[in-house]
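The values are calculated or read from the model by the stated rules, or taken from the named source; none is laboratory data. Values in this document were obtained by computation on a predicted structure and should not be read as measured data. Here the Cβ is made from the backbone with ideal geometry for all residues, glycine too, and neighbour counts use every protein chain on show. Surface areas here come from the heavy atoms of the whole protein model, side chains and all, with no ligands, DNA or RNA. Shrake-Rupley method; radii C 1.70, N 1.55, O 1.52, S 1.80 Å.
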Amino acid sequence: MRATTSITDQPISRGADDRLQSRRYAETLANFIQESDTPLTVGLQGEWGTGKTSMMYMLRELLEVKDVATSWVNTWEYSMFRGAKETTPAVLRGMLEKLKESCVEKGTWSNSDEANQKVRKIGRFIGNLANQAVRKQVGLDVLAAAGGEADAELATEISFIKEQINEVIRDLIRDSNYNRVVFFVDDLDRIPPTDAVEVLEALKNMFDVPNCIYVLAIDYDVVVKGLESKFGKKTEENEREFRSFFDKIIQVPFSMPTGTYDISQLLEDKLSQMGIAIPSDQKDAYTNVVKNTVGFNPRSLKRF
């Protein structure tokens, strides 16, 4: 039989496929998320390819059996073929739409007209904010902070949206066995940094409501570039301002534990897929060569 000549770079979708022995971290995070006060934002921080999406999939799998409603959005997909000022509204609407889809699939979403009307109303109001942002060529965060009578009306709209989101979440928990909602926001570091910053600020302004936890996959060094228009190029002197922005939005930063990954099983598994068997007496030698050349980044190992 012809051996495979390459492998795909796909995240794992369940804990049973974990080859890096990282599930223990997902279990600890899942327990923390289930028991913590809300609202709360957890940031899974790491370079591209360090397993952030895989960690989120394992978290979702663990949480969905613990009376937790979930919603998953991939920001990169929502940014494709959209203008810069349209990405954030699309992501925000997507968060609620994906929550509804997830709950409908499990039979836990209210079929009442009131519940569905609230979701549609939120979508219309978010779309209205997007139109204003496009007309003024500024971001939603700037609109929310601006002064003047027109912008006071805008602030009222944002407050209304937040209250409507709060009601949707509150009604969902009241009418089901859920005790909280977890929103997974993936690939923030794959969209333009300025868009990623706007999404973060919009989440803080509109979705920061009780019973909700947000898990963000983010590469700080990439997204931080979106703050340069506010603070200038990042230097040792203004590093604190950049960090303060993220500290305000992300209460629990979690650095991907690449240094503790057990790459030997992943290496053996991937080489086996290509028809290459590592002799039992040389497994440590193979692993050490990879550790000291490629390193612990799973994507780099797959590329190797």
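At a glance:
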{"read-out": "In the range 205-225, the residues that are among the aliphatic types (A, V, I, L, M) and part of a helix (DSSP H, G or I)", "value": "Met206, Val222, Val223, Val224"}
{"read-out": "Members of the range 75-114 found to be crowded, with 18+ Cβ neighbours inside 10 Å and acidic (Asp, Glu), listed by number", "value": "Glu86"}
{"read-out": "Number of the exception - Arg19 against (1) farther than 30 Å from Arg303 by Cα; (2) part of a loop (DSSP other than H, G, I, E, B); (3) in contact (Cβ under 8 Å) with a residue 12 or more places away in the chain; (4) basic (Lys, Arg)", "value": "(1)"}
{"read-out": "Close pairs from the range 48-66: first in contact (Cβ under 8 Å) with a residue 24 or more places away in the chain, partner outside any loop (DSSP other than H, G, I, E, B) and among the basic types (Lys, Arg), Cβ under 8 Å, at least 6 apart", "value": "Trp48/Arg299; Gly49/Arg299; Thr50/Arg299; Met58/Arg23"}
{"read-out": "Per-region count, the range 271-286, residues among the β-branched types (Val, Ile, Thr) and under 17 Å from Arg303 (Cβ atoms)", "value": "1"}
{"read-out": "Every residue from the range 56-74 that is open to solvent by 20 Å² or more (accessible area, probe 1.4 Å) and either among the hydroxyl-bearing types (Ser, Thr, Tyr) or assigned to a loop (DSSP other than H, G, I, E, B) (or both)", "value": "Tyr57, Glu64, Val65, Lys66, Asp67"}
{"read-out": "Considering residues of the range 207-229 that are small (Gly, Ala, Ser) and under 27 Å from Gly51 (Cβ atoms) only, the residue modelled with the highest pLDDT", "value": "Ala217"}
{"read-out": "Any hit, the range 231-251, residues being assigned to a helix (DSSP H, G or I), in contact (Cβ under 8 Å) with a residue 60 or more places away in the chain and either β-branched (Val, Ile, Thr) or closer than 30 Å to Phe304 by Cα (or both)", "value": "yes"}
{"read-out": "Members of the range 150-203 found to be open to solvent by 30 Å² or more (accessible area, probe 1.4 Å), assigned to a loop (DSSP other than H, G, I, E, B) and of a type in the set (S, T, N, Q), listed by number", "value": "Asn177, Asn179"}
